[in-house]
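Just below is one structure, and these are the notes that go with it.
The values are calculated or read from the model by the stated rules, or taken from the named source; none is laboratory data. Values in this document were obtained by computation on a predicted structure and should not be read as measured data. Cβ coordinates were reconstructed from backbone atoms using ideal geometry, including for glycine residues, and neighbour counts include every protein chain displayed.
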Number of protein chains: 4
Amino acid sequence: MTDKVNELVSKCLQARDMAYCPYSRFPVGAAILTADGAIITGCNVENASYGLTVCAERTAVQRAVVEGHRQFTAIAVACDIKDQFVGPCGACRQVLMEFGSDWIVYLTKPDGSYKETSLSELLPLAFSPAHLAKT
Amino acid sequence: MTDKVNELVSKCLQARDMAYCPYSRFPVGAAILTADGAIITGCNVENASYGLTVCAERTAVQRAVVEGHRQFTAIAVACDIKDQFVGPCGACRQVLMEFGSDWIVYLTKPDGSYKETSLSELLPLAFSPAHLAKT
Amino acid sequence: MTDKVNELVSKCLQARDMAYCPYSRFPVGAAILTADGAIITGCNVENASYGLTVCAERTAVQRAVVEGHRQFTAIAVACDIKDQFVGPCGACRQVLMEFGSDWIVYLTKPDGSYKETSLSELLPLAFSPAHLAKT
Amino acid sequence: MTDKVNELVSKCLQARDMAYCPYSRFPVGAAILTADGAIITGCNVENASYGLTVCAERTAVQRAVVEGHRQFTAIAVACDIKDQFVGPCGACRQVLMEFGSDWIVYLTKPDGSYKETSLSELLPLAFSPAHLAKT
Ligand SMILES: [Zn+2]
Ligand SMILES: [Zn+2]
Ligand SMILES: [Zn+2]
Ligand SMILES: [Zn+2]
């Protein structure tokens, strides 16, 4: 798995360069590993109406879906923050949860070092698709 | 504090009745306790373009802001799920984080029983406003 | 009607002062006129995860709903742009459409001058709740 | 241009089949024509927290950006509605506007017939990136 993780981390760092972020000037890159071993990248795409901005992680998920993937095992995320590991925003955590709770999440620094965590850790007591059917 | 918590829980249950949710038929209510003791409620407000839907928790936060509040201590949330305690969606967790990490969160069942948790528990390794200034 | 319009315009300008907009520094205010003559205000509420930002118009609509209103006749919107009349963002136009197409829209400048338009003009060929039932 | 339009329309219809829409059961497909002649598709990707849903048009734009495109000339959009031509939701109109006002928009029916309109027609008096610099 180590080679695949290195590739995932490397691709999320590259994807950061594609970010369209004229408002925040805060580029973010993401790379998703699908269940069948494909890697799909995403970057943040901002909007003058700030609320229509979408993060890198969600761009990657949407792109994966339109390319035919719905089963995922891991995601790597990187921004420009050098001195600590930062998790995805809550909205992105929820979008990952839509496709299952078994995601490994690699929080990546610009130098390529990373911290491994998981969606279960990042979104405890999660609201999930199953809950909509509960009522 | 107990009386105030009971009032908060009671008001989040009432707010659920105001939900506009013709698409999900999943009404949710929220009630926020401000630092100066006011209670502000919210409900989900859905949209035919599903992505423009906003949850109860966020409605309450936005309403609190326009009414002049920016310091909060707790939120109670209730939906119709009877058999378990469900946390807010990730998007709402992030919106709470915008106003600090010190929120107590009361997950409430329709019968008024509740589980106390906190934003720190619900959104570990959080992305927060401070990070935007880091680069 | 003129007095009511003046009040609506005046209140949307005041609501702008409540805006929480540390990222854009672009405060916006909105004021909605309900079918029974109440005025409900809103301001933009931004988020470090830009995509969780909500505009003034939508804050006003959500607040109106939780306060029990679902029938509306007009909205006034104001930002700090002095030299032209600017319409609401597309997301807000769609949220207005959720509650009918008969909105009068008053685009307001900081000096209180305004241009009257309508949601029908601002969102032609609109996607609306009725379309979801069409398939 | 006719061949390219036919291809665009055909691809937006195909993209509709990739939609992840378990909540609305309202699949939508979109196909964007870039300034250099590439076609990028998108579909809607829904979420149990309805507000995190993203439309087909926006999925296509985000995917185009991460693939290196920022200049566009046209978009085709199709859903399952057979008896009329329906425009994109307001949120999507605003996301198109982020990349200029010169979009041709092809509203497409399931049988492949289409109506040509434009973003200028669909989003009059638009809020645009230039406005953020105005204050
Ligand atoms: Zn995010
Ligand atoms: Zn939520
Ligand atoms: Zn708006
Ligand atoms: Zn849309």
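Examine the range D:40-50 for a residue that is more than 14 Å from chain B (Cβ to nearest Cβ), surrounded by fewer than 19 Cβ atoms within 10 Å (Cβ to Cβ) and free of Cβ contacts under 8 Å to residues at least 40 places away in the same chain, and state whether such a residue exists. Write out each step before concluding.
Applying the first criterion (more than 14 Å from chain B (Cβ to nearest Cβ)) to the range D:40-50 yields D:40-41.
Cutting the leftovers down to surrounded by fewer than 19 Cβ atoms within 10 Å (Cβ to Cβ) gives us none.
Within the range D:40-50 (the criterion being more than 14 Å from chain B (Cβ to nearest Cβ), surrounded by fewer than 19 Cβ atoms within 10 Å (Cβ to Cβ) and free of Cβ contacts under 8 Å to residues at least 40 places away in the same chain), the answer is no, since none of the residues qualifies.
Buried (at least 23 other Cβ atoms within 10 Å of the Cβ), in contact with a Phe, Trp or Tyr (Cβ under 7 Å, 6 or more places away or on another chain) and acidic (Asp, Glu): is that true of B:Glu57 in this structure? Can you show your working first?
Numbers: buried (at least 23 other Cβ atoms within 10 Å of the Cβ): yes; in contact with a Phe, Trp or Tyr (Cβ under 7 Å, 6 or more places away or on another chain): no; acidic (Asp, Glu): yes.
Considered against the rule, which asks whether it is buried (at least 23 other Cβ atoms within 10 Å of the Cβ), in contact with a Phe, Trp or Tyr (Cβ under 7 Å, 6 or more places away or on another chain) and acidic (Asp, Glu), B:Glu57 comes out as no.
Within the range D:91-135, restricting attention to residues that are surrounded by fewer than 13 Cβ atoms within 10 Å (Cβ to Cβ) and hydrophobic (A, V, I, L, M, F, W, C), which residue is modelled with the highest pLDDT?
If we take residues in the range D:91-135 being surrounded by fewer than 13 Cβ atoms within 10 Å (Cβ to Cβ) and hydrophobic (A, V, I, L, M, F, W, C), then D:Ala130 is modelled with the highest pLDDT.
Within the range C:52-85, track down each residue that is of a type in the set (Val, Ile, Thr) and either closer than 15 Å to A:Tyr50 by Cβ or under 9 Å from the mean Cα position of the chain (by Cα) (or both). Spell out the reasoning first.
From the range C:52-85, those of a type in the set (Val, Ile, Thr) are C:53-54, C:59, C:61, C:65-66, C:73, C:75, C:77, C:81; that's our starting set.
Selection gives C:Thr53, C:Val54, C:Thr59, C:Val61, C:Ile75, C:Val77.
Inside the range D:62-82, can you point out the residues that are of a type in the set (Val, Ile, Thr) and at the interface with another protein chain (Cβ under 7 Å from one of its Cβ atoms)? Step through it out loud before you land on a result.
Our first condition is that a residue be of a type in the set (Val, Ile, Thr); within the range D:62-82, this holds for D:65-66, D:73, D:75, D:77, D:81.
Selection gives D:Val65, D:Val66, D:Ile81.
Being away from ligand 4 (no atom under 15 Å from the Cβ), of a type in the set (Gly, Ala, Ser) and either within 22 Å of C:Met97 (Cβ to Cβ) or facing chain C (nearest Cβ under 9 Å) (or both): is that true of D:Ser113 here?
The answer is no for D:Ser113.
Does C:Gly68 meet the test of being of a type in the set (Gly, Ala, Ser) and within 16 Å of ligand 4 (Cβ to nearest atom)?
Values: of a type in the set (Gly, Ala, Ser): yes; within 16 Å of ligand 4 (Cβ to nearest atom): no.
Taking the combined requirement at face value, the residue does not satisfy it.
For the range D:1-39, which residues satisfy the criterion of being hydrophobic (A, V, I, L, M, F, W, C), assigned to a helix (DSSP H, G or I) and either surrounded by fewer than 17 Cβ atoms within 10 Å (Cβ to Cβ) or free of Cβ contacts under 8 Å to residues at least 24 places away in the same chain (or both)? Break it down into steps so the answer makes sense when it comes.
Residues of the range D:1-39 hydrophobic (A, V, I, L, M, F, W, C): D:1, D:5, D:8-9, D:12-13, D:15, D:18-19, D:21, D:26, D:28, D:30-33, D:35, D:38-39.
Next, from what is left, pick out any that are assigned to a helix (DSSP H, G or I): D:5, D:8-9, D:12-13, D:15, D:18.
Residue satisfying the conditions is D:Val5 alone.
Just to be sure, is D:Asn6 among the polar types (S, T, N, Q), within 23 Å of A:Gly100 (Cα to Cα) and either more than 10 Å from chain C (Cβ to nearest Cβ) or in contact with a Cys (Cβ under 6 Å, 6 or more places away or on another chain) (or both)? Break it down stepwise before answering.
Numbers: among the polar types (S, T, N, Q): yes; within 23 Å of A:Gly100 (Cα to Cα): no; either more than 10 Å from chain C (Cβ to nearest Cβ) or in contact with a Cys (Cβ under 6 Å, 6 or more places away or on another chain) (or both): yes.
Criteria not met by D:Asn6.
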